[in-house]
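Below you'll find the structure, written out as C-alpha cells, and then a few comments.
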Amino acid sequence: MGYETILTAEHGDGPLKAGVVTLNRPTQLNALSDTLMNELGDALRRYDADDGIGCVVVTGSQKAFAAGADISEMAEFDYVQAYREDFISRNWEIVTTVRKPVIAAVAGFALGGGCELAMMCDLVVAAETAKFGQPEIRLGVIPGAGGTQRLPRAVGKAKAMDMVLTARLIDAAEAERIGLVSRVVPAERLMDEALAVADQICRLSLPSIMLAKECVERAYETPLAEGIRFERRIFHSLFGTGDQREGMAAFLEKRAPVFRHE
Ligand code: DAK
C-alpha cells in the first residue's frame, strides 16, 4: 500500500486470512507518530472491510512493540493545538472501532501509548522480553490514550495506580499474572504463537467471532443485567445463521465444520 511507517502482509492458508501489521520505525523504537497512527488506522479499516480477512495481528520489533506516542511531535504542543487537532481521539480511536478481532503480538517495550495500543487490542500475546509501562508521569503528563481507564479495568486499581503514579515497568510474567496479557511465550516463538491464534480464529465462523467480540466489549460498558440481556439477544440471533446449523450438525456427525460465514 506504500505505507511509510508500517508494513502489511496477509497470513494463512484457509479461505480467511489474518492481516498482519508491523509497526516499522525501528530507529525510534516504533514511537507512535501521527503518520504511523494514520497508517495503522487506514490498514485496520481496510482489513476490517476485506471479506478475505478474519482477524488482524499488530506487532512491532523484537526491541519494541512501541515506546509510546512520539515525544518529539508532542513536545511543543500547546493546549489549544492539542484540543483543536483532537490529538489522540482523531486517529488512535480507530483501533477500537475495528469489528474483527485484533491481536497484539508484543516483544520488548510497550510503553505509554504502546501499552495503551496493546490494551486497545482484543488479545495480547507477549514475548518473555516484553515490558509494559505507563511512564508519562515522568514527562509531566498523564496517559492520554485510555491508560488511566483501561489499565484499572484490566488489572485493578492497586496495580494501575502503581504503574501510572510511579512509572514502574512490569515484565511479561507480571503482566500475565495480573491479567494484562493473554499468553507469554519465548521471544523466538512470538509470531508463531500470535499467528496460530489468528489462524484458529480465521477457521471459525466470522459472524459469531465478531458478535462474540462485541459482547465481551459490552461487559466494559454496561451494568451486568444489561450486558446479559445483550448477550442473550445476540445468542438468539445466531440461530438465524447457516454457521450455527453447520457447527452443530458437524458436531453431531463427528466431522469438522465447514463455515460459510453467513
Ligand atoms: N518518542 C520519540 N522518540 C523516542 C521515543 C518516544 N516515545 N522512545 C524512544 N525514542 C527514540 C529515542 O529518542 C532515540 O532516538 P535517537 O536519540 O537515537 O535519535 C531512539 O528512539 C532510541 O531510544 P533510546 O536511545 O532511548 O533507547 P534505550 O534502549 O536507551 O531506551 C526506552 C529505551 C524505551 C527505555 C527509552 O527510549 C524511553 O524511555 N523512551 C520513552 C518512553 C516513554 O516515556 N514513553 C511514553 C511516551 S508519552 C496526551 C498526553 C500524553 C500522551 C498522550 C496523549 N494528551 C494530551 C491527549 C503521552 C503518551 C505517551 O506515550
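The values are calculated or read from the model by the stated rules, or taken from the named source; none is laboratory data. These figures come from a predicted structure and were not determined experimentally. Cβ: placed from backbone, ideal geometry, glycine included. Neighbour counts: every protein chain shown. Accessible surface areas use protein heavy atoms only, side chains included; no ligands, DNA or RNA. Shrake-Rupley method; radii C 1.70, N 1.55, O 1.52, S 1.80 Å.
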Filter segment 128-138 for residues that are crowded, with 24+ Cβ neighbours inside 10 Å and among the hydrophobic types (A, V, I, L, M, F, W, C) and give the result. ALA130, PHE132
As an exercise: evaluate THR129 against (1) over 22 Å from VAL164 (Cβ atoms); (2) free of Cβ contacts under 8 Å to residues at least 40 places away in the same chain; (3) part of a loop (DSSP other than H, G, I, E, B) and give the number of the one condition it does not meet. (2)
Which residues, taken from segment 132-153, are within 15 Å of the chain's Cα centre (by Cα) and assigned to a strand (DSSP E or B)? PHE132
When segment 205-230 is checked residue by residue, the ones that are touching a residue at least 60 places away in the same chain (Cβ under 8 Å) and either touching a Phe, Trp or Tyr at 6+ places or on another chain (Cβ under 8 Å) or at positive phi (or both) are LEU206
Open to solvent by 10 Å² or more (accessible area, probe 1.4 Å) and in contact (Cβ under 8 Å) with a residue 24 or more places away in the chain: is that true of ARG84 in this structure? no
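Would you mind stating whether SER182 is hydroxyl-bearing (Ser, Thr, Tyr), open to solvent by less than 70 Å² (accessible area, probe 1.4 Å) and more than 18 Å from the chain's Cα centre (by Cα)?
no
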Of the residues in segment 162-177, those that are within 14 Å of ALA110 (Cβ to Cβ), part of a helix (DSSP H, G or I) and among the hydrophobic types (A, V, I, L, M, F, W, C) come to MET163, ALA172, ALA175
Scan segment 27-58 residue by residue and report those that are open to solvent by 10 Å² or more (accessible area, probe 1.4 Å), within 15 Å of the chain's Cα centre (by Cα) and either within 18 Å of LEU123 (Cβ to Cβ) or of a type in the set (Gly, Ala, Ser) (or both). TYR47, ASP48
Against the definition (over 18 Å from the mean Cα position of the chain (by Cα) and free of Cβ contacts under 8 Å to residues at least 24 places away in the same chain), how does ALA9 come out, yes or no? no
Filtering segment 58-90 down to residues that are touching a Ser or Thr at 6+ places or on another chain (Cβ under 9 Å), assigned to a strand (DSSP E or B) and more than 7 Å from the ligand (Cβ to nearest atom) yields VAL58, THR59, PHE65
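From ALA127, ALA167, ALA212, ALA173, which residue is small (Gly, Ala, Ser), within 13 Å of the ligand (Cβ to nearest atom) and either farther than 18 Å from VAL58 by Cα or more than 13 Å from the chain's Cα centre (by Cα) (or both)?
Testing whether each residue is small (Gly, Ala, Ser), within 13 Å of the ligand (Cβ to nearest atom) and either farther than 18 Å from VAL58 by Cα or more than 13 Å from the chain's Cα centre (by Cα) (or both) leaves just ALA167.
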Return a yes/no flag: does segment 106-113 have any residue that is assigned to a loop (DSSP other than H, G, I, E, B), modelled with pLDDT of 95 or more, within 12 Å of the ligand (Cβ to nearest atom) and over 20 Å from THR27 (Cα atoms). no
